[in-house]
Amino acid sequence: MTYPLVPPYPTLEPGSNLEVTKTINPLPQEVKVMAKATKAEEQRWAEEQKEPNKRRRIPDRETGEPIRGLYYRWGTQANGKPERIFYATVERNLKTVEEKVGREFTDDVSVSRAEYHRDQLRKGAKSTRREKMIEATEKAQAVAAIEATRKSFDTLWAEYQEWRTSETKGRWTRQKSDEANYKKYLLPVVGSKTPAEVTDADIEQIHGRMSRTKGLKGNKSLAPATRKMILALLVRIAAFGVERKRCPGLTVQVELPEVDNVVTEVLTKDETARLLKVLQAGSFVDKKGVKHEISQDAIDLVYLLVSTGMRRGEVLGIEWKNVDYQAETILIPNPKEKKSKVVHINPIVLAVLESRKDNGSAFVFPCRDWKEKDGHIVDPKRSLNLIKKLADLPADFRCAHGFRHNWATWALTSVDDGGAGIDIYTVSKSLGHKSIKTTERYLTLIDKSKKNASNRMAAIFAPKELPENVVSIK
């Protein structure tokens, strides 16, 4: 006879040897039914415990026939006392599957409960442990497959960093600022999202974070140029994923702030003279009277920046194999515009190259550990700032890119006004600008030259003697 775990329950007669105890378990309205062991059973179990790992069938208490699909082995409780471990067998795909039901006391499993468990397995109401494991594995694989095709910004950012570092040969000049901006402003908002999942609300949240940046004097809003840089990074990462067919692109319009980037970084004659004096001296004496040498790398870098208008990264990345003394040119491969350009070697550039010719490296400006890792200097910022301080240049003058602006302004300024008088098309090509509109920003710095040119043209066609009622403008 077996004891059901769901109603109707067996009727208990007075003096019955059955003990019914209600328990709390996952099955609704389930009742634990335990039958007290007879002396014969206790003796048999004592003998069985001598061979605990042996598989034993469970006999029916009334008929004595083994209960189909159930058996047990002997185990030990945490307190050292013996207990039965029940197992059930069911047919799955024409195979007999063994399933552990649980321990008699530790898991509170009786023979009746083991029968009920096997019946649920047989009907398919429950899954075996192996089936659950297979289901979990398949689910995990499905999730992994989805994640493999679902490229979030965090995944794209990791791939972008790897590509960018490789593309620039480890000379990613804005790497630190890009990493900091992504971590602080983009990651908390869109890090777990794909570009297609980004909403207008997310863009607004990014703007909100940029408006509440903690500074030395409390919260402040980022400058428009910095905001533009952060939002441009967001667009750049999304475009990276689209170009490599990793994911769909952004579905929202990201408007970049308008930035007045016309910077008037032009050195006066006195500032230029002070700069030249510092470069020629090559050293300085501090307040204590101690003499210090200025980095020759920084001095040579400034000479090239001032005399060519090249970008800092372009100068530092010059390789000897791209220097052609016969043609008097330097090939600059893969600059910002992703195409090569040619820079002509002038006397200042030639003098710098000659002084550094036998450095043993592939680069004109090798890094300190170039013997172990052949590379070039990335950013001698400290030495450049020292030169700026010694020359007493304006506080807002950028001691690298400012020289490029200074050269462009000098090149476009007329000869009469102390410039080179080069046409804007030639200057644009020398600077490596994609569009001539980029070069036109420097024309705002030479309004005086325009005025002088106009006056010279008027002087050519004006009569030698002006009427009495006309005032001459000088």
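No lab work stands behind these numbers, since they all come straight from the coordinates. Computed from a predicted model, the values in this text were never measured in an experiment. We place every Cβ from the backbone using ideal geometry, glycine too, and count neighbours over all the protein chains shown.
At-a-glance table
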{"item": "Convex hull volume of region 261-332 per residue (C-alpha atoms, cubic angstrom)", "result": "155"}
{"item": "Region 152-204 shape via C-alpha gyration tensor axes, a/c threshold 1.5", "result": "prolate"}
{"item": "Nearest-20 debye value, region 269-412 charge dipole, Cβ charges on Lys, Arg, Asp, Glu", "result": "440"}
{"item": "Rounded, prolate or oblate (a/c below 1.5 giving rounded, otherwise prolate when a/b exceeds b/c) for region 102-176 by Cα gyration tensor", "result": "prolate"}
{"item": "Whole-number percent relative contact order across region 32-128, with pairs defined as alpha carbons under 8 Å at least 6 apart", "result": "19"}
{"item": "Ranked list, fewest to most other Cβ atoms within 10 Å of each Cβ, for Trp320, Trp407", "result": "Trp320, Trp407"}
{"item": "Rounded FRET efficiency, nearest 0.05, which uses the C-beta distance separating Asp108 from Glu47 and R0 of 30 Å", "result": "0.75"}
{"item": "Potential extension, Ala136-Phe284 segment - 0.36 nm per residue separation minus Cα distance", "result": "46.1 nm"}
{"item": "Whole-number percent relative contact order across region 153-243, with pairs defined as alpha carbons under 8 Å at least 6 apart", "result": "38"}
{"item": "Set Lys183/Lys228; Lys169/Lys245; Lys184/Lys381; Lys291/Lys357; Lys339/Lys381 screened for pairs whose C-alpha atoms are more than 21 Å apart", "result": "Lys169/Lys245; Lys184/Lys381; Lys291/Lys357; Lys339/Lys381"}
